[in-house]
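Right, one structure below, let's go through it.
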Amino acid sequence: MVGDVGVGSDHPVSVQSMTTTKTADVNATLQQIAELTASGCQIVRVAVPDTDDAEALPVIARKSQIPVIADIHFQPRYVFAAIDAGCAAVRVNPGNIKKFDDKVGEIARAAKGAGIPIRIGVNAGSLDKRLLAKYGKATPEALVESALWECSLFEEHDFRDIKISVKHNDPVVMVRAYELLAAQCEYPLHLGVTEAGPAFQGTIKSAVAFGALLSQGIGDTIRVSLSAPPAEEVKVGNQILESLNLRQRGLEIVSCPSCGRAQVDVYKLADEVTAGLEGMEVPLRVAVMGCVVNGPGEAREADLGVASGNGKGQIFVKGEVVKTVPESQIVETLIEEAMRIAGEQVDDGVASGPPVVTVS
Ligand code: SF4
């Protein structure tokens with residue numbers, strides 16, 4: 001357990017992110033945690049580079065709505081401060097904590113006393129020098145050996161409440177590392193492509209790597225690392241899990257790429273429908289199709305859809321044409337119907353809470 005979030009075994013895969021504020025700035029950090037929570041983040045990590053940051057942990061751990069993991073580099077004493085502060089877990093990077101191996105016994109006792117797990121977070125950029133010398137670079141084997149070596153030190157002290165990550169910026173290396181790790185241990189695994197890049201590139205790298213691993217049943221928590229606001233990471237993480245059917249899908253827009261047969265501006269229509277339904281929190285598949293060739297087929301398969309042509313849109317609900325409207329009324333009609341279907345889902349108990357829709 002990381003706080004009240006189950007990790008590993010049959011627990012659903014959870015989404016993590018990390019704050020970008022100075023942790024010592026308690027208000028800013030709590031504000032960002034609240035934003036992350038609202039965007040669907042389930043576990044949050046905060047950096048603890050200085051004494052001021054360590055001192056802020058008790059308040060942050062107490063007031064955060066989601067479990068807080070303290071991320072410790074360099075100074076082992078902050079591990080103990082984080083445990084005393086009531087953090088839900090501590091992440092240590094053995095490659096860059098001074099004399100870490102000598103401290104493992106003490107850390108294991110403190111964590112066991114507090115009943116919290118430790119994440120051993122091995123990172124390609126800060127791999128243990130001994131393994132770097134042995135393998136020449138951060139190979140999958142080197143990452144795995146580093147992680148399992150540290151686990152063995154904790155195991156010597158009868159501590160097994162461990163989660164592991166072996167992050168690398170190259171999805172191919174990262175996937176191989178996690179595959180090797182999963183074959184050699186039963187600890188829960190936290191997935192991440194580290195330093196994945198700006199939003200577009202990082203999203204693709206993370207989706208490819210997580211998809212490859214999660215579809216094999218490897219991975220228990222995920223963090224999408226983007227050079228972008230952390231709420232974006234959470235959005236991408238949730239979307240990856242939905243795409244893999246590892247959590248219930250929310251709003252899904254099925255829109256065609258358009259082609260020479262299109263009789264409407266599909267991009268504009270898809271954007272307007274997406275914007276109009278933004279914030280809808282019930283599972284709903286909406287098809288936006290540009291013509292009457294493939295359009296009706298796709299629109300029929302969705303909960304709601306439109307097939308456009310000749311300045312009109314045929315509106316489908318659950319496979320039936322319910323009405324035909326002029327092109328100018330397609331977006332508003334889809335939003336109205338979406339609201340109605342979402343309301344029915346709530347009444348039927350398929351979804352919880354009222355549908356929330358903002359009309360652009
Ligand atoms: S639905 Fe029609 S317009 Fe859209 S890609 Fe298919 S054939 Fe082209």
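Before moving on, here are some points about what is shown:
- A straight chain from Asp4 to Val346 at 0.36 nm per residue would run longer than the Cα-Cα distance by 120.5 nm.
- Lys, Arg +1 and Asp, Glu -1 on Cβ, resulting dipole of the chain about Cα centre, debye, nearest 20: 760 debye
- J(HN,Hα) series, the range 124-135, from Karplus relation 6.51 cos²θ - 1.76 cosθ + 1.60, nearest Hz, glycine and proline x: 3, x, 9, 5, 3, 4, 4, 7, 4, 5, 5, 9
- Amide H contacts of Ala196 (H built 1.01 Å from N, in plane; Pro and chain starts excluded): Ser225 sit under 5 Å, all sequence-distant by 5 or more or on other chains.
- Sites His11 and Lys318 - FRET efficiency at Förster radius 30 Å, r taken between beta-carbons, to 0.05: 0.35
- Calculated translational diffusion coefficient of the chain (20 °C, 1.002 mPa s; Stokes-Einstein with Kirkwood radius over alpha-carbon pairs) equals 96 µm²/s.
- If R0 is 35 Å, the Cβ-Cβ spacing of Glu332 and Asn245 corresponds to a FRET efficiency of close to 0.65.
- Computed on the Cα atoms alone, the convex hull of the range 4-67 gives a volume of 82 cubic angstrom per residue.
- Diffusion coefficient (Stokes-Einstein, Kirkwood radius over C-alpha pairs, 20 °C, 1.002 mPa s) for the range 205-288: 146 µm²/s, rounded to a whole number.
- Rounded if a/c under 1.5, otherwise prolate or oblate - the range 154-241, Cα gyration tensor axes: prolate
- Seen against the Cα atoms of the chain and their longest principal axis, helix 330-348 is set at about 60 degrees.
- For a straight C-alpha distance cut-off of 25 angstrom, the lysines reachable from Lys137 (same-chain residues fewer than eight places away being disregarded) are Lys98, Lys99, Lys129, Lys163, Lys167, Lys205.
- The value given for the range 72-142 is a Kirkwood hydrodynamic radius of 12.8 Å, derived from the mean inverse Cα-Cα separation.
- As computed over the range 4-159, the Cα convex hull volume per residue (Å³): 118 Å³
- Three-way shape call for the range 239-281 based on the alpha-carbon gyration tensor, with the a/c threshold at 1.5: oblate
- Each stretch of four or more DSSP H residues adds -39500 (n - 2.57); spread over every residue of the chain, this sum gives -13500 deg cm²/dmol at 222 nm.
- Here the label points at Asn294 and Ser227, each 7 Å from Cα along the C-beta direction, are separated by 3.5 nm in the simple model.
- Multiplying the residue separation of Glu35 and Glu141 by 0.36 nm and subtracting their alpha-carbon distance yields 34.4 nm.
- Length released on extending from Ser152 to Cys185, taking residue separation times 0.36 nm less the Cα-Cα span: 10.8 nm
- Asp50-Cys259 FRET efficiency (beta carbon distance; Förster radius 41 Å; 0.05 resolution): 0.15
Values in this text are rule-based calculations from the coordinates and carry no lab data. Quick caveat: nothing in here was measured; it's all calculated off a predicted structure. All Cβ positions, glycine included, derive from the backbone under ideal geometry; neighbour counts span all protein chains shown.
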